[in-house]
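Asker: Take a look at the following structure, please.
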Amino acid sequence: MKRRVVITAMGLVSPIGHNPEDFFTALREGRHGVRPHTELKLSHSVGWVDADLNKDLPGNQSMMLDRVSKMALFAARQALSQQPLSAEDLTQTGVYLGTGIGGIKALCDAVAGHHNIGPKIVQLVIPAAMPNAPTAHIAQLMSCTQEAQTYATACTAGSVAIGEAYRRIRDGYVDTALAGGTEAMIQPELLRAWEQLHVLCVDQETNPEGGCRPFSLKRSGFALGEGAAMIMMETLEHALARGATPLAEVIGYGVSNDGTHPLRPNPHGQALAISRALQDAKIKPKQVEYINAHATGTMTGDRIETEAIKKVFGDHAKKLAVSSIKGNMGHLIGACGALEAISTIKSLQTKILPPTLHFAPGDELCDLDYVPNKARQLDKLDIAVSNSFGMGGNNAVLVFKAYKE
């Protein structure tokens, strides 16, 4: 018999809040954190984090770690402080973390130092830059002797990490797991690289109507963002035995690959991931009430996701509420799925759906209920889906349920 998997703690740092409560309040109130960077000269406004990431780090660690690890630790410490596990349980807790690119600032600094145009190259650039560095530092914080795994699946990485942790717990490999995603790629060099793909929107701070606006007729792309989110997951039996209160339940996970083109999403591949997640959850499409969409605000991507939803849900698609929070925080690449998971969990707890910001109708191929511009209070919300679709054709979908004994 498969074991029930519940969430008992959450932590995050984001452009719109430095903990889950502030984050969801900003979503509910329709605030965004995409603005010009105050320290870096960038060509676009970005969703950047202004938290003090060094406050709980020893001096030597604050000098050694890349920003991507600092944010992961910030989120992990939050989650670990809520309904905390015993020291013994922590050592047996698996760590599962997704990131798109790892410690890119360390690499950019090393290249600049090599050309004598930036900081001197430090000896520890490789351990700071390696993609599994955030995972390793969290495992060290916990004295973890269980598995500590890193997933680099582009924009699905955070969701994949949560989904793989869910499977490990459900199938009996571990009783507890800390899972999520982190990303810190706001660098001038990376912005220029993203520009070459023609996926970045125009300045959202000075021209909100032309900024990141998923599903809208005149959408032009996304704003790059940064952040991290971690959630503690455990078997229901383990949680209740230690007196922890479940926040929500993970009931399904589905993955697929488009198998077509690394940069052109495919509705068939996305629909496969959604269908597999529903099958894993043992629910029918009509039981889903809300989808937290991947929707980045690109012309093609939002249409493809809408088509995939229609493929899976049929006539029920018109009854679903679908919203995207990327207009609030930007696109956090490997971390977005983890923050969107927390948003979905908070929706299940509060029965409040965050709106799709800056929405204006008109695209005939995006014709679902996108919860436009204003949060929605529901009387009932039991089952919700969180979609993540990434470059390389990777697709990952999570299904969450309001906790009931």
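Asker: What FRET efficiency would be calculated for the residue pair His268, Asp171, taking the C-beta separation as r and a Förster radius of 35 Å, to the nearest 0.05?
Answerer: Working: r = 28 Å, r/R0 = 0.80.
Efficiency, rounded to the nearest 0.05: 0.80.
Asker: Given 20 °C and 1.002 mPa s, how large is the Stokes-Einstein diffusion coefficient of the chain in µm²/s, with Rh as the Kirkwood radius over Cα pairs? Don't skip to the end; give the middle numbers.
Answerer: Working: Rh = 20.8 Å.
It comes out at roughly 103 µm²/s.
Asker: Using Cα-Cα distances under 8 Å and only pairs 6 or more residues apart, what relative contact order does segment 5-241 have, in percent? Numbers along the way, then the final one.
Answerer: Numbers: 493 pairs, mean separation 70.5, N = 237.
Averaging sequence separation for qualifying contacts and normalising by length gives 30 percent for segment 5-241.
Asker: Report the percentage of all Cα-Cα pairs in segment 125-255 whose separation exceeds 19 Å, rounded to a whole percent. Show your work: numbers first, answer last.
Answerer: Numbers: 5307 of 8515 pairs.
Percent of Cα pairs beyond 19 Å in segment 125-255: 62.
Asker: On a C-alpha basis, how far is the centre of segment 272-343 from the centre of segment 148-169 in Å? Whole number, if you could?
Answerer: With segment 272-343 and segment 148-169 each reduced to a Cα centre, they are spaced 17 Å.
Asker: With an 8 Å cut-off on Cα pairs and a minimum separation of 6 or more residues, tell me the relative contact order of the chain in percent.
Answerer: Details: 1083 pairs, mean separation 93.8, N = 405.
Result for the chain is 23 percent.
Asker: Give the aspartates and glutamates whose C-alpha is closer than 13 Å to that of Lys41, dropping any in the same chain fewer than 8 places away, or say none.
Answerer: Straight-line reach from Lys41, under 13 Å: Glu189.
Asker: Shifting gears a bit: Taking the Cα-to-Cβ direction at Glu147 and at Val111 and moving 7 Å from each Cα, how far apart do the two end points lie in nm?
Answerer: 3.3
Asker: Picking from Pro361, Ser388, Gln349, whose Cα lies most toward the positive end of the charge dipole for segment 252-399 (charges on Cβ: Lys, Arg +1; Asp, Glu -1)?
Answerer: The one lying farthest along the dipole's positive direction is Gln349.
Asker: Identify, among Met1, Ile169, Asn292, the residue whose Cα sits farthest towards the positive end of the charge dipole of the chain, taking +1 on the Cβ of Lys and Arg and -1 on the Cβ of Asp and Glu, with the dipole about the Cα centre.
Answerer: Met1
Asker: For each of Lys286, Lys310, count neighbouring Cβ atoms within 10 Å of the residue's Cβ, then give the residues from fewest to most. The partial results should precede the final answer.
Answerer: Details: Lys286 12, Lys310 19.
Ranked by crowding around the Cβ, least crowded first: Lys286, Lys310.
Asker: Now for a different question. Name the aspartates and glutamates eligible as straight-distance cross-link partners of Lys55: C-alpha to C-alpha under 17 Å, and not fewer than 8 places from it in the same chain.
Answerer: Asp66
Asker: Show log10 I(q)/I(0) for segment 252-399 at q = 0.09, 0.10, 0.11 Å⁻¹, two decimals, from a solvent-free Debye sum over equal Cα scatterers.
Answerer: Scattering profile of segment 252-399, log10 relative to I(0): -0.23, -0.29, -0.35.
Asker: Same structure, new question: Once the piece of chain linking Gln279 and Asp379 is laid out straight, how much longer is it, given 0.36 nm per residue of separation minus the C-alpha distance between them?
Answerer: Stretched fully, the Gln279-Asp379 segment lengthens by 33.4 nm.
Asker: Report for segment 5-241 the percent antiparallel among DSSP-assigned beta bridges with both residues inside it, nearest 5.
Answerer: Values: 19 of 30 bridges.
The answer is about 65 percent antiparallel.
Asker: Arrange the peptides 211-219, 173-181 so that the one whose residues have, on average, the most other Cβ atoms within 10 Å appears first.
Answerer: On the way: 211-219: 24.3, 173-181: 26.7.
Result, highest mean Cβ count within 10 Å first: 173-181, 211-219.
Asker: Dipole of the chain, Cα-centred, from +1 at each Lys and Arg C-beta and -1 at each Asp and Glu C-beta, to the nearest 20 debye? It would help to have the intermediate numbers written out before the result.
Answerer: Working: 39 positive and 40 negative charges, 130 e Å.
It comes to approximately 620 debye.
Asker: Any chance you could check the Cα centroid distance between segment 67-99 and segment 1-65 for me, in angstrom?
Answerer: Each part's Cα centre sits 15 Å from the other's.
Asker: Filter the chain for me: DSSP H helices, axial length by Cα at least 18 angstrom, mean Kyte-Doolittle hydropathy not below -1.0. List them by residue number. Let's see the in-between values first.
Answerer: Numbers: long enough: 67-81 (21 Å, 0.38); 157-170 (19 Å, -0.09); 267-281 (21 Å, -0.11); 299-313 (22 Å, -0.33); 336-350 (21 Å, 0.56).
Span-like helices here: 67-81, 157-170, 267-281, 299-313, 336-350.
Asker: A follow-up question, please. Once the Cβ-Cβ distance between Thr91 and Arg3 is put in as r, and R0 is 22 Å, what FRET efficiency do you end up with, to the nearest 0.05? Write down the numbers at each step before the final one.
Answerer: Numbers: r = 20 Å, r/R0 = 0.93.
The formula returns an efficiency of 0.60 here.
Asker: I want the antiparallel fraction of DSSP beta bridges within segment 252-399, as a percent rounded to 5.
Answerer: Counting only bridges with both partners in segment 252-399, antiparallel ones make up about 60 percent.
Asker: Looking at the chain, what % of its DSSP beta bridges pair antiparallel, to the nearest 5? Please list the in-between numbers first.
Answerer: Working: 39 of 59 bridges.
Restricted to the chain, the bridges split so that about 65 percent are antiparallel.
Asker: Taking Lys404 as the anchor, which lysines have their alpha carbon closer than 25 Å to its alpha carbon, excluding any fewer than eight residues away along the same chain?
Answerer: Lys2, Lys282, Lys284, Lys286, Lys319, Lys346, Lys351, Lys380
Asker: Need one number: nm distance between label points at Gln61 and Asp363, each 7 Å from Cα along Cα→Cβ, rounded to one decimal.
Answerer: Inter-label distance under the simple model: 4.2 nm.
Quick note: the coordinates plus some simple rules give every number you see, no bench work behind them. The shown structure was predicted, so the numbers you read here are calculated from the model rather than taken from an experiment. With ideal geometry, Cβ positions are generated from the backbone for all residues, glycine too; neighbour counts draw on all protein chains shown.
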